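Each remark here refers to the structure printed beneath this line.
What follows is calculated from the coordinates using simple rules that are stated; it is not laboratory data. Fair warning: this is a prediction, and the values are worked out from it, not measured in the lab. Please note: Cβ atoms are built from the backbone with ideal geometry, for glycine as well, and neighbour counts cover all protein chains shown.
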2 protein chains.
Amino acid sequence: MRPKEELYLGIDLGGTNVRAAVIDGGGHVLGQEKHRLLSREPPQVAEAVVRAAKTACGAAGLPFAEMRGMGIGVAGMVQKGTGVVLAAPNLGWKEVPFVKLMQARAPRIPLWLANDLSMAAWGEREAGAGRGVDDLIVVLVGSGVGAGIIMGGKLREGASGVAGELGHIQVQPGGRQCTCGQRGCLEAYAGGHHLAGWARDDLRIALAAARTAGKHHPEVGGKLLELVGEPEKVTAAAMERAAHEGDALSIRLLEEAGRLLGIALANLVTTLNPSRLLLGGGVLSGSPRMMRVAIAEIDAHASKQSRAVLQISTPELGDQAGVVGAALLARAFLAEAA
Amino acid sequence: MRPKEELYLGIDLGGTNVRAAVIDGGGHVLGQEKHRLLSREPPQVAEAVVRAAKTACGAAGLPFAEMRGMGIGVAGMVQKGTGVVLAAPNLGWKEVPFVKLMQARAPRIPLWLANDLSMAAWGEREAGAGRGVDDLIVVLVGSGVGAGIIMGGKLREGASGVAGELGHIQVQPGGRQCTCGQRGCLEAYAGGHHLAGWARDDLRIALAAARTAGKHHPEVGGKLLELVGEPEKVTAAAMERAAHEGDALSIRLLEEAGRLLGIALANLVTTLNPSRLLLGGGVLSGSPRMMRVAIAEIDAHASKQSRAVLQISTPELGDQAGVVGAALLARAFLAEAA
C-alpha cells in the first residue's frame, strides 16, 4: 500500500483500444490495462474507460477511490475547457461531450481531456526524453502526423485546444488529396496510410506502363512489388525495406515525404525556437531514410539562430507516453488549481 | 505630478532612429521623444538611448528616477536572458552586450531587452487591438516580415529569444535569394525591399524584351514603369498604385506575395490555434490587394477547427506599438518578479 502517494490515472483512447494506467507522481506505471473497444458508441466507450481504469487500479493493488485525478487522451480534436470531443475520425465521433459521459460514471474524480498526441508530448516532457525542457516540440509521424507544443514549461493547446495539427499544414498547395478534405497537407505525403497510397498510385501507373511495353514487372517499383505481391498490400514499412534494397520508387517517395516533413519542421523551429525537438511515431521511427532526410532539411533550412540551440532526439516512452502524459497532465492541472 | 503612479520607459531602437516614451500602467503615453542616431557604435547608441529617455521624461514633466523599469525593443535578434543583441543588420551589430552598456549609463533602472516586433506585439496585447487576448499572433510585413507570438497570456520568445522569425520560413524551396543567405524565405517575396526588387528584376526583363521587339515600353509592367520612371525607383507602394490602375506585373507579384504570405499564415493558425491574428506593417497595410489575397488563403487553408475560433484584425497602435509594448513588458516582468 502507498497511502500517502500522489496517484493518477492516465487513459489513452484510440479507435480500437483503450489503455489505462495508474501512475505515481514520478511518472512510474504501477498498474495497467489495455482492452479492445467492443463498441464505439460514446456511452459504451465511457463505460469501457471506467472499467479499464478500475482494472488498472486492481493490477496496482490500489483502490480507485485513492486516485487524485484522471487524464484522458483521445485520438481526435478536443475543445478546450468544455470536455467535448469535436471530431475523432477513428471513433466516428463528432461533438461528443465525453467528460459529461465520464462524470456520470465516475462522479468523484477530477477529469481532464486532451488530444492523445498532446498527452504523449506531455509524458515525454515530464518523464521521458524531454524531462525538464521548457520549450519542447514532439512530432509524431504515424498514420497521422501531429505535434505537441510545450512553451514556457506548459502544454500549449491553443485558444480552442486544436493547436499542433501539423499534419494539416499546407506543404504542396493543390497537391495530393488529404482525408481532411484539403489538398497538399503534410499528412497527405508523410502520414503512413497516405504514403502507402501514394506508392500504390505510382506503382499502378508503372505496372500499366510495363504491361503496355510487354513486360510483366515495372522497372521502377519492381522490388517493392516483389516484396508485397500486389500494389494493394503496400505499407510504409514495406517501402522502407524495398528502399533498403534499392527500390527507386520507394526511395523517391520516402525521401520526398522526408523533405516535405523536414521543411515543415525547419519552419516550426524557425517560428517557435524550441530547445528540443523529439521526432518519433511508427512511420518515422520505422524509416531511418525519412528521418535522415527530414533532419538534413532542418539543418539546411531552420534559421541559424534557432538551429544553434536546438537538440534533436527521439521519444523514450514509446506507446506508454499517452497514459503517462495523461496522468501527469491531470497532476499538473491539479497543482495549478491548488 | 503623479507621484504614486506606475511609470515605465519604452524604447524602440531602429537602425536610424531611437524613440523613447514614458508610459503609465494603462499604456498611455505621457511624454515622448524621437531622435536620429548620429552614430551606430554601441556605446554611442546607449548614450543616445539614455538621452532620449531623459528627454521623454522631461516632456512628461516627470523625473527619470521615478521610472520603475525600462523595456528596449531592438530591430534585430536578441538572446534571451543575457541582454545581448545577437544580430541587428540595420545597426550593423553582431553580439553586442547592449544591456551591459546601458547599465553602465543608467545603473538604477531595471532593464529588459527584446526584439522590436515582440515589443510591438506585446503593446497590441496590452493596450491595442489584442487587449485581453491570451492567444494572439501579430504579424507585421514591412521591409522585414516577423511575428510576435503570445500564448497563454505571455510573450513567447522561444528557448533563446529568436522565435517569431516568420520572414525566414521556407515558402518556395530553392526560390528567390533572401538577405539572410537562404533561398525561398517568405521575406524574399513579401518583404518590402525584396518585393520591389522582384518587380525590378521582372521589369528589366520585360523592358529588354520590348526593346528587342522595337518597342519603347513593355506591355507587362508598363503602367508601373510610367509611374516610377525607371526600374530602380520601384517601391512596394508604387506597385500597389500601379496594380490599382491595372498593371499586370504589379498585380501578379502582389498577389503571389499575398498567396505565399497567406499560406504561411494559414499554417501558423493551424499549428498554434490563436484566437486573434493581427495583420499589419507598412507593406501589408499599404496593400489592400496583398491583404485580401492573404486572408483568402487563410480562409481556404487553415484547419476548419482553428479558423472557426479565429478573428482577423489589424493593429491599433501604429508606430507607437513598440514603445508602448517595451514599457508594458518591463511592467509585466517586474510584476512577475514581485
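Quick one: in chain B, whose Cβ comes closest to the B/A rotation axis, and how close in angstrom?
Reported as residue, whole Å: B:M151, 3.
Cβ under 13 Å from A:G281's Cβ, A:G281 left aside: what net charge do those residues give with Lys, Arg +1 and Asp, Glu -1?
Local charge sum for A:G281: -4.
Net charge near A:A65, counting Lys/Arg +1 and Asp/Glu -1 over other residues with Cβ under 13 Å of its Cβ?
Summing Lys/Arg as +1 and Asp/Glu as -1 gives +2.
Identify all lysines with a Cα-Cα distance to B:K233 below 23 Å; exclude those on the same chain that are fewer than 8 residues away in sequence.
Within reach: B:K215, B:K223.
Can you list the aspartates and glutamates whose alpha carbon sits under 19 Å from that of A:K154, skipping same-chain ones fewer than 8 residues off?
A:D116, A:E124, A:E126, A:D134, A:D135, A:E165, A:E336, B:D134, B:D135, B:E157, B:E336
Anything in chain A that counts as a DSSP H helix reaching 24 Å or more along its axis (C-alpha) with Kyte-Doolittle mean of at least 0.5? List them, would you?
Values: long enough: A:42-60 (27 Å, 0.42); A:192-212 (30 Å, -0.12); A:248-272 (35 Å, 1.13).
Helix filter hits for chain A: A:248-272.
In nm to one decimal, list the spacings between the A:E41 label point and its equivalents in the other copies, with label points set 7 Å along Cα to Cβ, shortest first.
In ascending order, 8.3 nm.
Rounded if a/c is under 1.5, else prolate if a/b is larger than b/c, else oblate: which is segment B:48-136, with a ≥ b ≥ c the root eigenvalues of its Cα gyration tensor?
Values: a/c = 1.89, a/b = 1.04, b/c = 1.81.
Oblate, because a/c is 1.5 or more while a/b does not exceed b/c.
Is the C-alpha gyration tensor of chain B telling us rounded, prolate or oblate? Criteria: a/c under 1.5 is rounded; beyond that, a/b larger than b/c is prolate, otherwise oblate.
prolate
Name the residues whose placed amide hydrogens come within less than 5 Å of the amide hydrogen of A:A163, ignoring near sequence neighbours (fewer than 5 apart) on the same chain.
Correct list: A:G158.
Using the Karplus curve 6.51 cos²θ - 1.76 cosθ + 1.60 with θ = phi - 60°, what ³J(HN,Hα) values do you get for each residue of segment A:73-90, in whole Hz, with x for Gly and Pro?
Per residue, the Karplus-derived 3J(HN,Hα) values read x, 10, 6, x, 9, 10, 7, 5, x, 9, x, 9, 7, 5, 7, 9, x, 5 Hz.
Using a label point 7 Å beyond Cα on the Cα-Cβ vector, give me the inter-copy distances for A:G282 in nanometres, one decimal, shortest first.
Once sorted, the set of distances for A:G282 reads 5.3 nm.
With a ≥ b ≥ c taken as the square roots of the eigenvalues of the C-alpha gyration tensor of the protein assembly as shown, please select rounded if a/c is under 1.5 and otherwise prolate if a/b is larger than b/c or oblate if it is not?
Oblate is the answer for the protein assembly as shown, as a/c is 1.5 or above yet b/c matches or exceeds a/b.
Can you list, shortest first in nanometers, how far A:H244 lies from the same residue in the other copies, with each label 7 Å from Cα toward Cβ?
6.3
Using only Cα atoms, locate the centre of segment A:278-298 and the centre of segment B:45-101, then give the distance between them in Å, rounded to an integer.
Measuring centre to centre over Cα atoms gives 43 Å.
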